[in-house]
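Asker: Below is a structure I'd like to ask you about.
Every number here is computed from the coordinates shown, using simple stated rules; none is lab data. This is a predicted model, so every value here is computed, not measured. Please note: Cβ atoms are built from the backbone with ideal geometry, for glycine as well, and neighbour counts cover all protein chains shown.
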Amino acid sequence: MPPFVLPFEKPFVELLTRVRELRVLAAGDPKLLGELARLEEKTAQVARDAYRELSPMQKLQIARHPERPYTLDYAARLLDDWVELHGDRRFGDDAAVVAGLGRYHGRSVVVVGHQRGRDADENARRNLGMPHPEGYRKAVRAFDLADRMGLPILTFVDTPGAFPGIAAEERGQSEAIAGSLAAMSRVRVPVVATIVGEGGSGGALAFAVANRVLVLEFGCYTVISPEGCAAILWRDAARAPEAAERLKMTAPDLLRLGIVDEVVAEPAGGAHHDHDEAARRLDRALSAALASLDSLSPAALADDRYRRFRAFGALVA
Amino acid sequence: MTAPDQPPPSRGANDARALGGGEFQRCEGCAAVHETRVFETTYEVCPACGHHHRLSPERYRRLLLDDATFAAWDTHLESADPIEFSADVPYPERIAAAQRETGARDAIETGRARLGGHDIAYGCFRFAFLGGSMGSVVGEKVARLFERAASARIPAVLLQTSGGARMQEGIVSLMQMAKTVGARERLRAACVPFVSVMLGPTTGGVAASTAFLGDVNVAEPGALIGFAGPRVIEATVGGRLPEGFQRSEFLLDHGMVDLVVPRAELRAALVRLLGHLRPPPAA
């Protein structure tokens, strides 16, 4: 399958392809090493220039990139002894949400995240990462299990939003999201959430009531999609780029507003160009965030989380 | 920004139904026309078809609370402009206009009240103020309502009607969902009851935070209640929605609310519930 390339990525992707070809050749011909180094330097420079001035909508396009690493890609790279858990014990198993147990730096943890599909078939099965109520209820099972066993919780947020459909409403989408928010509020274990892609509204927040919230460099987090915002404001979804500017949804905005605690740098051109390197960088930030919570008692962890979210609000002094 | 502390009595959204210079009102349910004073005595419920029209927080006070009064909390709170949002007009101007139109500072009123002799922490959303949307002020007042209910060990009764999170406050408004739910969960841990009353419409971020987390969930008849709005769902599924979809009775059928109570019986139903749900002494 040819790689999916966004228009503004083209110059970088072309150079990156040549670098990879030259690497293969240079392995058999040391005379090419000098040229390889020059080309690598040029590629890095192009990436720095091209990605420094991206618009919010372009960043969102990277966050939505179909080759971006998803929850299971991070789980495979960060965890040992991974066991995926299935089902909400009420209705079914929602493939748009992944929950499981794994060993992270020697310590058992519970992982919950949204899961998009890599191709059309998988996206049909995973509903493009848009959960139904049973997805949130599976997550609540995992959160409560973590609480009882004293296991830290790591979440990976990446969804356009909770699914707006008939069956989702019949089975109580509102109650399911609220239930997930409530469960995350209650647990007495460390919780670290990472916005790894698109953080779409309440369906994203349902996995992000954490002691520490990280965002990847091109991750976005917003109360409404720019398309939805533009449709409301101007009855014109095509004005989404303008809405994206106004919503302040990119990583630097989120850091400035205190919504996230840290922005995790991505590999040149974005996490989709190098899943392994993206996971290594996230690993460093995640392990530091977890370590920073080690000294807190179970009660203090719940209090810390309450205070973190209790403080959000902009009131006239 | 300033606003009077006591909003003037307002017929709010009902003005659109006025006929004959305000002497008559048309029912939005069955189009029957009745004298305005008839709708006043029925609290805007159509005597012909039972359709429940929107009612202002001032009139819910009269409908529900002993002596129709409460001791208001946090009346001074006003939203700032966290993401400097502007669409056609800057957000602070939108707020100022809504304050002028409604006489209220934001989309909720809260306070200590008595209902059938029971002390309660009471709140009521104001849909006429930017669609009852939850921004920093609503989030803060709801969180404080639950915190005060917990410390005073008095039940929380919250009447909700809202289009959801307030878009103009961006991601900060989304965080209000986690903030209000966190406060509600502390009330649960304190074993103090919360009766959630859903008025129409209750959707989006308010539906997906406190509305369904009542120890008892009550809805008014025919109220539109759900996560996604019907137009969004229609666009997703590419077709018409079934009759009665996302209405209170649909939620009762699907196990999402305990009671659907006509407005005329709401006070009696709440009194009965509060009689059973007396907070036990603090552990």
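Asker: I'd like to know which of A:A299, A:T159, A:L205 lies farthest towards the positive end of the charge dipole of chain A, counting +1 on Cβ of Lys and Arg and -1 on Cβ of Asp and Glu.
Answerer: Result: A:A299, furthest along the dipole toward the positive end.
Asker: Here's a follow-up. Quick one: Cα convex hull volume of region A:59-310, Å³ per residue?
Answerer: Details: hull volume 31.1 nm³, N = 252.
That works out to 123 Å³ per residue.
Asker: Give or take rounding to whole Å, what are the principal axis extents of the alpha carbon atoms in region A:134-233, in descending order?
Answerer: 45, 37, 15 Å, listed from the longest principal axis down.
Asker: So how strong a dipole does the protein assembly as shown carry about its Cα centre when Lys and Arg Cβ are +1 and Asp and Glu Cβ are -1, to the nearest 20 debye? Kindly include the intermediate steps, with their values, before the conclusion.
Answerer: Details: 71 positive and 76 negative charges, 228 e Å.
Result for the protein assembly as shown is approximately 1100 debye, rounded to the nearest 20.
Asker: Find how many whole Å separate the alpha carbon centroid of region B:149-214 from the alpha carbon centroid of region B:60-132.
Answerer: Centre-to-centre distance over Cα atoms comes out at 14 Å.
Asker: Next up: What would the Debye equation give as log₁₀ I(q)/I(0) for region A:84-148 at q = 0.23, 0.26, 0.28 Å⁻¹, counting only Cα atoms as equal point scatterers?
Answerer: The Cα Debye sum returns log10 ratios of -0.90, -1.04, -1.12.
Asker: Another question about this same structure. Given 10 °C and 1.306 mPa s, how large is the Stokes-Einstein diffusion coefficient of region A:7-53 in µm²/s, with Rh as the Kirkwood radius over Cα pairs?
Answerer: Details: Rh = 11.0 Å.
The estimated diffusion coefficient comes to 144 µm²/s.
Asker: Could you work out which residue, out of B:A150, B:A269, B:A107, moves most in a Gaussian network model of chain B, that is, has the largest mean-square fluctuation with Cα springs under 10 Å?
Answerer: In this elastic network of chain B, the residue with the biggest mean-square fluctuation among B:A150, B:A269, B:A107 is B:A269.
Asker: Give me P(r) over region B:55-276, computed from all C-alpha to C-alpha distances, binned every 10 Å, as integer percentages.
Answerer: 8, 35, 37, 17, 3, 0
Asker: Report the per residue volume, in Å³, of the convex hull enclosing the C-alpha atoms of the protein assembly as shown. Could you put the intermediate results ahead of the total?
Answerer: Working: hull volume 97.5 nm³, N = 600.
Spelled out: Cα convex hull of the protein assembly as shown, divided by residues, is 163 Å³.
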